[in-house]
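Undergrad: Structure provided below as structure tokens; questions to follow.
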Amino acid sequence: MRILVLSVNYWPEETGIGPLTTWRCEYLASRAHDVTVCTTMPYYPQWRVCEPYKHAVWRRESHNSVNILRSWSWIPQHLTSAKRIVFEATFLAGNLIAALSAGKPDLLLVESPPLGLALTAGFLKRFWGIPFVYDVMDLQPDAAADLGMLRDGMLMRSLYRLEKFAYNQAALVSTLTEGMRRRILEKSIAPGKVTLFAARADSGLLQLQRGSGGQNFRRTHGLESKFVVLYTGNMGVKQGLDVILSSAQLSQDRPEIVYLFAGDGAVRRDVESRAAALGLANVKFLPVQPREQLFQMLAAADLCLITQQRSVADIVFPSRTATFMAAGCPIIASVNPGSAVAGILEKSGAGVVVPPEKPVPLFDAIVSLQHDSRKRSEMSEAGRRFAHEHWDENVILPKMESELLRVTRPDSDKDMDSISILDLERRIQ
């Protein structure tokens, strides 16, 4: 099958949508599908185009058997709602040209956000007469409304109409969690049309040796004998990172506790500036870590944090949740109790949930777990067990492939049965 993927993020980006999309595309390519990705120059989460892509307008390349077509987009250094609109507009224009240059596929897979890709998908569906699958990583209109980024008015109503257009035009709508699926179904979409393409439990993380695997990282960064509380990933508005700095303030009489931020994003500079202004010597910052160092950092962490603004519920599912659980990291989540993250942590036992934007409960939970190694060990084991059972790549990737085949071929169930038999025969041999 020839698959054309439209995504604003892709390899070599190491956080957010990019790694998950890359992982899926490379799996499909390994299954002998012809996969082409139309994207832009790598920029996330730093919001700066990385070397060697600076000043490039067009780039054609291949990585792990996936063809990649990159087109220029305007990347703002300081993100605002207005600048995001301009960024997305330039991306959509270049992405459409790239898609047309790629030629007609059998199937279009569209990664959202940005929501505007729904217009591209609708046009290409008519132009080529092909179906498209609309994969929702972030419920963008709900996020804009819930976070107060856009006021109710003509623009918000237009975003919701565009979202409904995407759902109606797509042959299949997919998303990450059951909570996000419920949100989509509440928009009057038929249940049979909405499926789950689950998050990823990296098989390497499932085998990670906690503690001992992080000793080199601790020595390199002066963290020996420290109780490391880690936040890693995107640093954006939705994350509500001020609560971590406030907890660090409360921890200043406990020098053994260190708060480590690793990542980048639209508000990183603001977070660093506030930490410096508060004189927080117990806070350290690192850039986005490459895979090997990321693994070592996760092994070194005593606790991992997930934070979200209180208004964030089932509009987004941070991929680091699956990463932390697969790595066996005990988790404290300062999130809305109705969020997907809270639901998964409570169901799995992999972490504790505290009220969002409230530093005292977060601090109290950190101190409590600092002195309860047995509880941390139980959370670690529970997280890995849940990740293996629900996000094992050997289960969720074949399911995704089966769903995509079903969109394009009525006899895809038979095809997948044949593929499964062949795989079984190979393993027996």
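Undergrad: Any idea which of (1) closer than 23 Å to Met235 by Cα; (2) not in a helix (DSSP H, G or I) is the one Thr21 doesn't satisfy?
TA: Answer for Thr21: the failing condition is (2).
The rows are residues; the columns are (1) at pLDDT 95 or above; (2) hydroxyl-bearing (Ser, Thr, Tyr); (3) within 19 Å of Asp106 (Cβ to Cβ).
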site: Asp372; (1), (2), (3): yes, no, no
site: Lys375; (1), (2), (3): yes, no, no
site: Ala382; (1), (2), (3): yes, no, no
site: His390; (1), (2), (3): no, no, no
site: Asn394; (1), (2), (3): no, no, no
site: Arg406; (1), (2), (3): no, no, yes
site: Arg409; (1), (2), (3): no, no, yes
site: Asp415; (1), (2), (3): no, no, yes
site: Leu424; (1), (2), (3): no, no, no
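Undergrad: What's the total number of residues in the range 102-131 that are of a type in the set (Lys, Arg) and touching an Asp or Glu at 6+ places or on another chain (Cβ under 7 Å)?
TA: 0
Undergrad: Let me ask another. When you go through Met180, Met235 one by one, which is the residue that is of a type in the set (A, V, I, L, M), surrounded by 19 or more Cβ atoms within 10 Å (Cβ to Cβ) and not assigned by TED's automatic domain parsing to the domain that holds Ile332?
TA: After ruling out the rest, the residue left standing is Met180.
Undergrad: Among the residues in the range 96-104, are any within 28 Å of Arg183 (Cα to Cα), assigned by TED's automatic domain parsing to the domain that holds Gln169, modelled with pLDDT of 95 or more and not hydroxyl-bearing (Ser, Thr, Tyr)?
TA: Scanning the range 96-104 turns up no residue that is within 28 Å of Arg183 (Cα to Cα), assigned by TED's automatic domain parsing to the domain that holds Gln169, modelled with pLDDT of 95 or more and not hydroxyl-bearing (Ser, Thr, Tyr).
Undergrad: Oh, and also: Of everything in the range 23-32, what is crowded, with 24+ Cβ neighbours inside 10 Å and more than 15 Å from Leu405 (Cβ to Cβ)? Give them in sequence order.
TA: Hit for the range 23-32 is Cys25, nothing else.
Undergrad: Of everything in the range 54-82, what is part of a loop (DSSP other than H, G, I, E, B) and not β-branched (Val, Ile, Thr)? Give them in sequence order.
TA: If the condition is that a residue be part of a loop (DSSP other than H, G, I, E, B) and not β-branched (Val, Ile, Thr), then Lys54, His55, Ala56, Asn64, Ser65, Trp72, Ser73, Trp74, Pro76, Gln77, His78, Leu79 are the ones that fit.
Undergrad: Right, next: So which of Arg48, Arg70, Arg24 ends up being of a type in the set (D, E, K, R), more than 23 Å from Val173 (Cα to Cα) and in contact with a helix residue (DSSP H, G or I) (Cβ under 8 Å, 6 or more places away or on another chain)?
TA: Arg70
Undergrad: In the range 83-138, what count of residues is obtained for those that are among the aromatic types (Phe, Trp, Tyr), in a helix (DSSP H, G or I) and touching a residue at least 40 places away in the same chain (Cβ under 8 Å)?
TA: Selection size over the range 83-138: 1.
Undergrad: Read through the list (1) free of Cβ contacts under 8 Å to residues at least 40 places away in the same chain; (2) over 15 Å from Ile97 (Cβ atoms); (3) surrounded by 12 or more Cβ atoms within 10 Å (Cβ to Cβ); (4) out of contact with any Cys (no Cβ under 7 Å at 6 or more places or on another chain), then give the number of the only condition that Val35 fails.
TA: The failed condition is (4).
Undergrad: Would you point out the residue of the range 42-84, among those that are among the β-branched types (Val, Ile, Thr) and exposed (fewer than 14 other Cβ atoms within 10 Å of the Cβ), that is farthest from Ser30 (Cα to Cα)?
TA: Here the residue is Thr80.
Undergrad: Right, next: Filter the range 343-395 down to the residues that are under 26 Å from the mean Cα position of the chain (by Cα), aliphatic (A, V, I, L, M) and closer than 18 Å to Leu303 by Cα and list them by number.
TA: Scanning the range 343-395 gives Ile344, Leu345, Ala350, Val352, Val353, Val354, Leu362, Ala365, Ile366, Met379, Ala382, Ala387.
Undergrad: Please list, ordered by first then second residue, the pairs with beta carbon atoms under 7 Å, 6 or more apart or interchain, first in the range 168-183 and without any contact (Cβ under 8 Å) to a residue 60 or more places away in the chain and among the hydroxyl-bearing types (Ser, Thr, Tyr), second outside any loop (DSSP other than H, G, I, E, B) and surrounded by fewer than 20 Cβ atoms within 10 Å (Cβ to Cβ).
TA: That search, which allows pairs on different chains as well, returns Thr175/Leu196.
Undergrad: Would you say Arg268 is out of contact with any strand residue (DSSP E or B) (no Cβ under 7 Å at 6 or more places or on another chain) and buried (at least 17 other Cβ atoms within 10 Å of the Cβ)?
TA: yes
Undergrad: With a cut-off of at least 1 residues that are within 23 Å of the chain's Cα centre (by Cα) and closer than 18 Å to Val136 by Cβ, name the helices (runs of 4 or more DSSP H) lying wholly within the range 168-283.
TA: 178-185
Undergrad: Moving on to the next point. Just to be sure before I move on: is Arg31 over 21 Å from the mean Cα position of the chain (by Cα), modelled with pLDDT of 95 or more, under 22 Å from Thr195 (Cβ atoms) and not small (Gly, Ala, Ser) in the structure I sent?
TA: It is true that Arg31 is over 21 Å from the mean Cα position of the chain (by Cα), modelled with pLDDT of 95 or more, under 22 Å from Thr195 (Cβ atoms) and not small (Gly, Ala, Ser).
Undergrad: Can you find even one residue in the range 319-333 that is modelled with pLDDT of 95 or more, farther than 29 Å from Thr175 by Cβ, of a type outside the set (S, T, N, Q) and assigned to a helix (DSSP H, G or I)?
TA: Scanning the range 319-333, I find no residue that is modelled with pLDDT of 95 or more, farther than 29 Å from Thr175 by Cβ, of a type outside the set (S, T, N, Q) and assigned to a helix (DSSP H, G or I), so the answer is no.
Undergrad: Evaluate the following for Thr39: is it in contact with a Ser or Thr (Cβ under 9 Å, 6 or more places away or on another chain), at pLDDT 95 or above and either in a helix (DSSP H, G or I) or assigned by TED's automatic domain parsing to the domain that holds Lys238 (or both)?
TA: no
One line per residue, one yes/no per condition, for (1) touching a strand residue (DSSP E or B) at 6+ places or on another chain (Cβ under 9 Å); (2) over 14 Å from Gly328 (Cβ atoms); (3) not aliphatic (A, V, I, L, M):
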| position | (1), (2), (3) |
| --- | --- |
| Val341 | yes, yes, no |
| Pro355 | yes, yes, yes |
| Arg374 | no, yes, yes |
| Gly383 | yes, no, yes |
| Ile396 | yes, yes, no |
| Glu403 | yes, yes, yes |
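Undergrad: Looking at Leu241, Leu250 in this structure, which one is on the phi < 0 side of the Ramachandran plot, surrounded by fewer than 21 Cβ atoms within 10 Å (Cβ to Cβ) and in contact with a helix residue (DSSP H, G or I) (Cβ under 7 Å, 6 or more places away or on another chain)?
TA: Leu250
The values are calculated or read from the model by the stated rules, or taken from the named source; none is laboratory data. Fair warning: this is a prediction, and the values are worked out from it, not measured in the lab. As a convention, Cβ positions derive from the backbone with ideal geometry for all residues, glycine included, and neighbour counts pool all protein chains shown.
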